[in-house]
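Bear in mind these aren't lab numbers, they're just calculated from the coordinates by the rules spelled out. Please read these numbers as outputs of a predicted model, since none were measured by experiment. Cβ coordinates were reconstructed from backbone atoms using ideal geometry, including for glycine residues, and neighbour counts include every protein chain displayed.
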Amino acid sequence: MAKAVLTLVVLGALGAPCALARPVADRVNVREGCRQALAGLYIAAFDRRERAVETARAAATKRKEAETAHADAKKRAAAAKAAAHGFDLETATRIDQLEAEAKSLEDLVNQYAELERDAAREAPHATAAEKKMKESLSRLFSVERLDDREGEGYPLRLDYKSSCPKYRAVCALSRDDAAVLLQLVDDTPEDCRKYAGLSRVRS
């Protein structure tokens with residue numbers, strides 16, 4: 001029994017250094033984790049603004065197209081009525097179809113108009129929120145807009161303003177920057193809290 005216990009103790013002692021000796025790339029990099037988390041929050045704000053602006057623009061275009069089609073359908077229905085003489089089942093059916101088409105297009109105009117109004121109301125708030133977050137992040141990060149290439153992800157890049165050597169395990173922020181890091185967004189990501197705490201210890 002004593003031999004078994006001794007074996008476990010020896011194995012445990014050998015296992016601990018092995019865990020600590022893992023390559024740096026295999027450890028949790030809170031600096032990069034923080035950057036990615038904040039980039040994700042900024043992309044969400046950017047996405048919200050882009051979606052609102054684009055929705056308002058696209059809805060306005062579709063509304064105008066529907067308005068043109070609606071006006072045309074009304075004219076054709078009116079012309080069919082004016083040309084009708086007495087009751088004719090085929091003509092009456094045709095008029096009903098044209099009026100139904102006009103009504104359907106009128107409903108479509110209203111739907112696009114409502115969508116346009118909602119997006120137009122959302123756009124200023126989304127734009128202000130995105131601008132505020134970008135200004136806040138710019139205290140510690142560079143936020144760069146890249147060329148928008150279809151199929152290549154978001155045209156954004158967020159990087160620390162402070163550099164970090166490639167093979168350095170931890171690049172601590174100054175105490176002041178660590179404090180700023182905790183103020184950039186309302187709900188600070190966990191990796192950013194860890195990075196700030198680590199930086200305060202090492203700086």
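Points worth noting:
- Whole-Å distance, taken between Cα centres, linking segment 58-72 and segment 87-109: 18 Å
- The label point for Leu156 and the one for Ala79, both projected 7 Å from the Cα toward the Cβ, are 5.1 nm apart.
- Residue-by-residue Karplus 3J(HN,Hα) for segment 191-197, coefficients 6.51, -1.76, 1.60, Hz, glycine and proline x: 5, 6, 5, 5, 5, 5, x
- Placing unit charges on each Cβ (+1 for Lys and Arg, -1 for Asp and Glu) gives segment 56-124 a dipole about its Cα centre, and among Gln111, Leu98, Ala71 the Cα reaching farthest toward its positive end belongs to Ala71.
- Estimated dipole of segment 29-202 in Debye, rounded to 20 [Cβ of Lys and Arg +1, of Asp and Glu -1, Cα centre]: 1120 debye
- In summary, the aspartates and glutamates within cross-link reach of Lys166, defined as a Cα separation below 16 angstrom excluding same-chain residues under 8 places away, comprise Asp26, Glu32.
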